1. Fully extended, how many nm does the chain gain between residue 21 and residue 95 (0.36 nm per residue separation, minus their Cα-Cα distance)?
2. Could you list 96, 40 so that the one with the fewest beta carbons within 10 Å of its beta carbon is first and the one with the most is last?
3. Quick one: if you stick a label point 7 Å off each Cα along the C-beta vector at residue 55 and residue 33, how many nm between them?
Amino acid sequence: MSKSFYKNSIFYKTYLGSAFKTKQQKHENFVSLVFLIIKISFSLLAIISLIKLGYSSKVRLNRLREIEDSFLYEKYRFNVLKSRFDDLFSSEGEQIFMKDQDQIISRDIIRVIWR
């Protein structure tokens with residue numbers, strides 16, 4: 001008898017066919033489980049990457065804010081010093097300069113000049 005006869009027989013359809021279907025179902029379940037694990041892995045990877053990206057953006061914004069504050073402070077100091085320097089060349093600038101000097105020796109102190 002030929003192989004096609006055995007495949008088409010009632011025995012094959014009832015016993016071996018159901019075993020083949022269960023084996024095929026197990027294989028499909030295994031493949032589905034593998035793909036589910038891969039999907040979960042990629043989802044976790046995406047979530048972790050978004051968390052890291054958010055944290056690094058926060059750190060970057062904090063650094064930029066610190067730099068901006070420092071720049072504004074230095075800009076304010078520059079403007080103050082620039083206005084004081086401009087005042088030196090105005091009328092009575094010498095008197096303003098002498099009033100601003102804290103390190104000038106007062107009149108009642110003896111001065112020593114080294115030569």
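1. On the way: separation 74, 0.36 × 74 = 26.64 nm, distance 10.58 nm.
Length gained, residue 21 through residue 95: 16.1 nm.
2. Working: 96 13, 40 10.
Arranged by neighbour count, lowest to highest, 96, 40 become 40, 96.
3. 3.3
No value in this document is a laboratory result; all are computed from the given coordinates. Because the structure is predicted, anything quoted here is derived from the model rather than measured. Backbone-built Cβ (ideal geometry, glycine too); neighbour counts: all protein chains shown.
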